[in-house]
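Worksheet: the structure to be examined is printed underneath.
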Amino acid sequence: MTRSVYSLLLYLLAPLVVLYLGFRSIKSADYRKRWSERFGFSKLVQTDVLFHCVSMGETLAAVDLIKQLMQQYPAKKFTITTTSPTGSEQVTKAFGDSVQHCYLPLDFSYAVQRFLNQVNPKVCVIMETELWPNLVHFANKRGVELILANARLSQKSADKYQAKPKLSIPMLKTLDKVLVQTQTEAERFFKLGVDTQRVQVTGSVKFDINIDASKREQAHELRSLWQRQTAPVWVAGSVHPGEFDIMLQAHKQVLAHYPNALLIMAPRHPEQFDAAAKAANIAGLNLLRRSEGQAVGEQTQVLLGDSMGELLMLYGTADQAFVGGTLIENGGHNPLEPAAMGLNVFVGPHHWDFAEITQLLKQAGGLKVVAADSAESGANGSKGDDLNHAQPADELAQLLLLNWDDKQAHQQQCKAALAVVEQNKGALKAHFDAISPVLAG
């Protein structure tokens, strides 16, 4: 597939794109707003630097980097784009009106060109691997310096790029700088034809988590308010449908040993909040929604983390954490956030988006993979796609209980996870050092 064929297909699929946005808007009202931005009809002003941050996770990872660059180059004007309402919310929260912000338009040729005509950036920094062929093509055509920052490339993603070489390889070769997280991922970029001189291993800026002291204090105060200082508390963070029941079944087993235990379950997407609440009610567990503002009582067994931007703080209220998107074929979410809060971490086998980070935490003893055997059995055909929820729920419950029963071993795991975060800091400075000269030029 060439870029021209890709562009034609996008136009043909435009009605489905509209239907998709409409479907998302049923579950999340924020998707009903600002459609003009998605189709390139924003009224924008020219800026010097364009940062594309995709969704909430990438935006949070980029905040400190952008702030440092803005401080170093106060005369430069910045535009920050996202694709999701949650990412947009984080931009507004972090920068207010000090930057220009909008959704990145969908990758229709006319929309991208209209957007670039208005913003007219000299530098475009794309976080992680959110690469769109028309955006990269038309930005390069205008002479925009293209930087892929905090880049990650799983083998699965590399295989997808390799399967469409006429579309993906020219796009990748167009990048002026690729600031990649690990050497393993750098090798994957090399195999796809990216010039070795353009690739720099800088580490992941997600290791440079800056935890505000107020978040730790708020977490400590909340746990005291809940009267759960000595009771077991664990967080299932960024979980998806398909994982809700597993978390709840595991918690039931924890409650059989510790009746005052508390599970904080935080779905990844706002439109999943009601489904998670329904799952807890069906499971017969006493649920309280964080958004309701009521204090957790003695009878509360599950706290639904349905308030945006609080997950990091909620990790601070807990003893242990499971990070979601890993018991389903999603690729997983960032295990460094609970680790930075001093928690040991559990994930499922489908964590390819954070494979190297997961491996570092696992080797150090701060992370364990749940249900890996079940995933391998399914892949080999012995269980197929019919993954029994009982097995991962049982395993997770047993591991949680072992740590609460053996406090010394638990503390060693927590210290190991935190040590990995501390030992790998420095990516933020490496990114700043790599991007700064481009802005100065």
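The values are calculated or read from the model by the stated rules, or taken from the named source; none is laboratory data. These numbers were taken from a predicted model, which means no experiment stands behind them. For neighbour counting, all protein chains shown are included, and Cβ atoms are generated from backbone atoms with ideal geometry for every residue, glycine included. Ligands, DNA and RNA are excluded from the accessible area calculation, which covers all protein heavy atoms including side chains. Shrake-Rupley method; radii C 1.70, N 1.55, O 1.52, S 1.80 Å.
Each row is one residue, and each column tells you yes or no for (1) among the small types (Gly, Ala, Ser); (2) in contact with a strand residue (DSSP E or B) (Cβ under 9 Å, 6 or more places away or on another chain); (3) crowded, with 17+ Cβ neighbours inside 10 Å.
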{"site": "Met56", "(1), (2), (3)": "no, yes, yes"}
{"site": "Gln72", "(1), (2), (3)": "no, no, no"}
{"site": "Thr86", "(1), (2), (3)": "no, no, yes"}
{"site": "Val123", "(1), (2), (3)": "no, yes, yes"}
{"site": "Glu128", "(1), (2), (3)": "no, yes, yes"}
{"site": "Leu146", "(1), (2), (3)": "no, yes, yes"}
{"site": "Arg152", "(1), (2), (3)": "no, yes, yes"}
Scan segment 50-92 for residues that are farther than 19 Å from Ile147 by Cα, more than 12 Å from the chain's Cα centre (by Cα) and not small (Gly, Ala, Ser) and jot them down. Gln71, Pro74, Pro85, Glu89, Gln90, Val91, Thr92
Anything in segment 65-90 that is under 20 Å from Asp212 (Cα atoms) and touching a helix residue (DSSP H, G or I) at 6+ places or on another chain (Cβ under 6 Å)? List them, or say none. Leu65, Gln68, Gly87, Gln90
Give the residues of segment 1-35 that are assigned to a helix (DSSP H, G or I) and over 30 Å from Ala275 (Cβ atoms), sorted by residue number. Arg3, Ser4, Val5, Tyr6, Ser7, Leu8, Leu9, Leu10, Tyr11, Leu12
List the residue pairs whose Cβ atoms are under 6 Å apart, where the first residue sits in segment 337-349 and is in contact (Cβ under 8 Å) with a residue 40 or more places away in the chain, the second is in a helix (DSSP H, G or I) and of a type in the set (Val, Ile, Thr), and the two are 6 or more positions apart or on different chains. Ala339/Val421; Ala340/Val421
Within segment 160-174, residues being under 21 Å from Thr196 (Cβ atoms) and charged (D, E, K, R) number 1
Restricting the first residue to segment 1-24 and requiring it to be under 18 Å from Leu167 (Cβ atoms), which pairs with a second residue that is modelled with pLDDT under 90 meet a Cβ separation below 9 Å and a spacing of at least six or different chains? Leu9/Met1; Leu10/Val17
Give the residue, chosen from Ala256, Ala250, that is open to solvent by 30 Å² or more (accessible area, probe 1.4 Å), within 18 Å of Leu400 (Cα to Cα) and aliphatic (A, V, I, L, M). Ala256
Quick one: in segment 355-375, of everything that is free of Cβ contacts under 8 Å to residues at least 24 places away in the same chain and within 18 Å of Ala419 (Cβ to Cβ), which residue is most open to solvent (accessible area, probe 1.4 Å)? Gln363
Of the residues that sit in segment 375-396 and are of a type in the set (Gly, Ala, Ser) and within 25 Å of the chain's Cα centre (by Cα), which one is modelled with the highest pLDDT? Ala393
Members of segment 194-211 found to be surrounded by 14 or more Cβ atoms within 10 Å (Cβ to Cβ), out of contact with any Ser or Thr (no Cβ under 7 Å at 6 or more places or on another chain) and not acidic (Asp, Glu), listed by number: Val194, Arg198, Val199, Gln200, Thr202, Gly203, Ser204, Val205, Lys206, Phe207, Ile209, Ile211
Taking into account only those residues within segment 215-241 that are of a type in the set (S, T, N, Q) and part of a helix (DSSP H, G or I), which is most open to solvent (accessible area, probe 1.4 Å)? Gln218
Which of the numbered conditions does Tyr161 fail, given that it passes all the others? Conditions: (1) in a helix (DSSP H, G or I); (2) under 20 Å from the mean Cα position of the chain (by Cα). (2)
Applying the selection to segment 168-194, what residues are in contact with a strand residue (DSSP E or B) (Cβ under 6 Å, 6 or more places away or on another chain), part of a helix (DSSP H, G or I) and not aliphatic (A, V, I, L, M)? Gln183, Phe189
Per-region count, segment 397-441, residues open to solvent by 50 Å² or more (accessible area, probe 1.4 Å), modelled with pLDDT of 95 or more and either assigned to a loop (DSSP other than H, G, I, E, B) or of a type in the set (Gly, Ala, Ser) (or both): 1
For Gln197, are the conditions met, namely being over 24 Å from Arg38 (Cβ atoms), more than 24 Å from the chain's Cα centre (by Cα) and assigned to a helix (DSSP H, G or I)? yes
Filtering segment 25-54 for residues that are small (Gly, Ala, Ser) and modelled with pLDDT of 90 or more leaves a count of 3
